[in-house]
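The values are calculated or read from the model by the stated rules, or taken from the named source; none is laboratory data. Keep in mind that this is a model prediction, so the values were computed, not measured. Here the Cβ positions follow ideal geometry from the backbone for every residue, glycine too, while neighbour counts run over all protein chains shown. Heavy atoms of the whole protein, side chains included, go into the accessibility calculation; ligands, DNA and RNA do not. Shrake-Rupley method; radii C 1.70, N 1.55, O 1.52, S 1.80 Å.
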Amino acid sequence: MNEPVLQLSGITKRFGALVANDAISLTLARGEVLALLGENGAGKSTLVSILFGHYRADAGTIMVDGRLLPPGKPGAALSAGIGMVHQHFSLADNLSVLDNVMLGTEPLWQPFSRRAAALVALQDTAQRFGLQVNAASRIKDLSVGERQRVEILKALLPFGRRRGARVLILDEPTAVLTPQESESLFATLSQLVAQGLSVIFISHKLDEVLRVSHRIAVLRAGKLVAEMPAAGASQAMLAQAMVGREVPRVTRGPTPSGAAALAQPPVCELRDLRVRGVGPWPQLDGVNLALRPGEVVAIAGVAGNGQQALADLLHGLIAADAGSVTLAGRAMPATPRAWIAAGAARIPEDRHAVGVVGDLPLWENAVLERYASPAFARGGVIKRGAATAFAQRLVERYDVRGTQTAGLATPTRALSGGNMQKLILGRVLMPRSAPGRAEEVTEAGDPDAPVAPLLIVANQPTWGLDVGAVAYVHGQLLAACAAGAALLLISEDLDEVFALADRVAVMHHGRLTPARPVADWTLAAIGLAMSGASASPELADAA
């Protein structure tokens with residue numbers, strides 16, 4: 001691994017007064033896996049975008065195999081052998097594997113398509129790198145792991161305008177994979193690297209970083225702050241380098257269990273819920289679940305198996321086609337306002353598109369779900385003084401940063417992902433007090449109303465966050481549970497599931513397994529259930 005295939009020298013990129021990349025220099029050897037770590041906003045995405053030609057650096061150069069890479073030209077990056085597999089796949093579901101890997105490889109004015117030659121190239125590449133897939137299969141019929149295999153083949157295929165990647169950028173490659181599919185990916189990576197492919201591996205999962213990488217580079221606030229071999233490094237060392245301080249590990253403490261816990265009346269109960277789907281199976285199919293005070297129930301599963309429909313239903317956004325759902329013993333209508341008024345705290349999956357209105361200032365987003373409260377509005381007119389005072393308390397209590405210039409008038413879209421999530425957490429978790437108190441009144445003005453949420457529905461609450469922000473979010477959620485809230489955690493991060501959950505259920509094709517104590521599950525058992533092979537943890541030994 002002595003021959004450099006990629007050299008970045010003094011890469012600097014500014015967006016106005018913000019220095020996103022500050023004189024970053026890195027090298028990547030042939031057959032090396034370099035992990036690129038950093039908090040949200042540290043500059044990873046900007047650096048990779050410059051490398052792939054989406055951005056033009058203000059200063060610095062990139063050399064590939066000793067040749068200068070023209071800046072700001074994605075086509076030049078592809079021709080130089082730089083490929084990228086994004087976290088969210090860019091495949092056409094209605095086309096075959098062969099059609100997908102051929103997209104963009106031939107000029108539009110070519111009078112014929114070289115499908116036979118492309119098929120041979122695809123089969124040869126798949127055979128060489130151990131990435132077998134049926135070229136005639138439609139993408140919509142493939143598993144998530146197989147789709148990722150197609151994305152990697154697209155990058156590696158030497159055909160037409162593509163030279164075939166010699167530097168492969170993997171962005172959060174295991175985010176949507178089962179444990180078994182992740183193991184298959186790691187085996188594939190070993191084979192790719194053994195044949196000379198160089199890899200830039202971007203992940204928030206530090207255990208995976210230590211497992212697959214040879215060397216690790218850490219960015220913080222746009223600067224390269226650490227480079228180290230993976231051998232001898234630890235998760236704690238990497239976390240501290242990323243955030244500049246020691247990051248405490250948040251785990252679930254002792255909780256009520258056994259008959260005493262089950263004797264408590266459910267905060268929220270789902271019975272035989274069914275929601276129609278547009279595909280071959282329902283979004284929700286006979287779902288049963290009971291959530292009790294102070295309990296964390298986690299829903300694991302591969303994306304697209306009904307988790308979003310479950311979250312939408314418990315957020316009041318959709319109605320069930322059959323079955324019932326109750327909160328505090330009351331049947332709930334499909335209206336967000338009713339769920340909020342009844343004590344539900346809603347944390348959506350997409351914080352940017354759904355969690356906030358990006359163009360509104362921070363103070364307005366802080367009270368988005370409380371506009372109807374007499375504390376913040378009278379006769380349809382917002383009480384700006386009360387709203388800004390509440391927002392200021394939220395910013396201070398939940399440590400929302402990024403408001404130094406414009407204060408509470410900061411456009412919410414300008415916040416980093418972690419700070420945007422802190423804003424959402426504060427909005428839904430800040431207590432609702434009796435009339436005349438400092439915080440807020442309830443919709444009904446009931447002085448005896450609870451001061452904390454009854455139910456928290458958190459859909460991917462730490463998606464894309466760095467280790468510091470993850471620890472903060474976990475701490476706030478567990479504190480709310482300690483105050484008596486029931487937490488439904490919908491997560492594709494199995495480390496998060498095992499760290500926080502009291503009980504775990506797995507969703508596959510809209511069906512939900514029974515929620516069992518987390519100690520009853522193994523990683524292999526969850527992986528089987530996520531793939532639909534088994535719903536029973538007793539079969540884990542067969543995995």
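Can you pull out the trypsin sites (Lys or Arg not before Pro) in the stretch 150-245 whose DSSP state is coil and whose Cβ has at most 10 other Cβ atoms within 10 Å?
Counting only loop positions with at most 10 other Cβ atoms within 10 Å, the trypsin sites (Lys or Arg not before Pro) in the stretch 150-245 are Arg245.
For Tyr472, Tyr55, what's the largest-to-smallest order of accessible area, 1.4 Å probe?
Numbers: Tyr472 50, Tyr55 90 Å².
Sorted descending by solvent-accessible area, the residues read Tyr55, Tyr472.
Mind checking the alpha-carbon convex hull of the stretch 279-438 and giving the volume per residue in Å³? Mind showing how you got there, number by number?
Numbers: hull volume 24.5 nm³, N = 160.
Per residue, the Cα convex hull of the stretch 279-438 comes to 153 Å³.
What's the magnitude of the charge dipole for the chain around its Cα centre, counting Lys and Arg as +1 and Asp and Glu as -1 at the beta-carbon? Answer in Debye, nearest 20. Display every interim value, and only then the final one.
Values: 50 positive and 48 negative charges, 258 e Å.
Its charge dipole is roughly 1240 debye.
What does the charge count around Gln195 come to, taking other residues whose C-beta lies under 12 Å from its C-beta (Lys +1, Arg +1, Asp -1, Glu -1)? Before the final figure, lay out each step's value.
Numbers: positive: Arg30, Arg128, Arg166; negative: none.
Net of charged neighbours comes to +3.
Roll a 1.4 Å probe over the protein chains and send me the accessible area per residue for the stretch 1-71 in Å². Write down the numbers at each step before the final one.
Details: 3200 Å² over 71 residues.
Each residue of the stretch 1-71 exposes 45 Å² on average to a 1.4 Å probe.
Would you mind putting 328-334, 456-462 in packing order, based on average other-beta-carbon counts within 10 Å, highest first?
Details: 328-334: 13.0, 456-462: 25.6.
In descending order of packing, they fall as 456-462, 328-334.
Would you mind classifying the stretch 332-415 by shape? Square roots of the alpha carbon gyration tensor eigenvalues, ordered a ≥ b ≥ c; an a/c under 1.5 is rounded, otherwise it is prolate if a/b is larger than b/c and oblate if not. Working shown, then result.
Details: a/c = 1.93, a/b = 1.29, b/c = 1.50.
Oblate, because a/c is 1.5 or more while a/b does not exceed b/c.
What is the antiparallel percent of DSSP beta bridges lying wholly in the chain, to the nearest 5?
On the way: 43 of 78 bridges.
DSSP beta bridges in the chain are roughly 55 percent antiparallel.
Round to a whole angstrom and tell me the spacing of the C-alpha centers of the stretch 500-525 and the stretch 64-86.
43 Å
Find, to one decimal place in angstroms, the Kirkwood hydrodynamic radius of the chain, where the mean of 1/r is taken over every pair of different Cα atoms and then inverted.
Working: mean 1/r = 0.0396 Å⁻¹.
Its Kirkwood hydrodynamic radius stands at 25.2 Å.
What residues from the stretch 471-508 fall in the zone where the backbone N is under 19 Å from a label point 7 Å along the Cα-to-C-beta line of Ala519?
Residues 497-505 fall inside that zone.
Which distance in nm do the two modelled labels at Asp207 and Ala136 give, with both placed 7 Å along the Cα-to-Cβ direction?
Once both label points are built, they end up 4.1 nm from each other.
Please say if the stretch 310-378 is rounded, prolate or oblate, where rounded means a/c under 1.5 for a ≥ b ≥ c the square roots of the C-alpha gyration tensor eigenvalues, and otherwise the choice is prolate for a/b larger than b/c and oblate otherwise? Could the numbers behind the result be given before it?
Numbers: a/c = 2.98, a/b = 1.50, b/c = 1.98.
Oblate, because a/c is 1.5 or more while a/b does not exceed b/c.
Which percent of the accessible area of the stretch 116-245 is formed by carbon and sulfur heavy atoms (probe 1.4 angstrom)?
Working: 2610 of 5250 Å².
Its accessible area is 50 percent carbon and sulfur atoms.
Pull up the cross-link candidates among the lysines for Lys73, meaning alpha carbon to alpha carbon under 25 Å and not fewer than 8 places away within one chain.
Lys13, Lys44, Lys154, Lys223
Let me cross-check Trp463: its accessible surface, 1.4 Å probe, with only protein heavy atoms counted, in Å² to the nearest 10?
About 60 Å², rounded to the nearest 10.
With Cβ to Cβ distances under 14 Å as the rule, what net charge do the other residues near Met530 carry (K, R +1; D, E -1)? Don't skip to the answer; put the middle values down first.
On the way: positive: Arg511; negative: Glu181, Glu183, Glu492, Asp493.
Within the 14 Å Cβ shell, the charges total -3.
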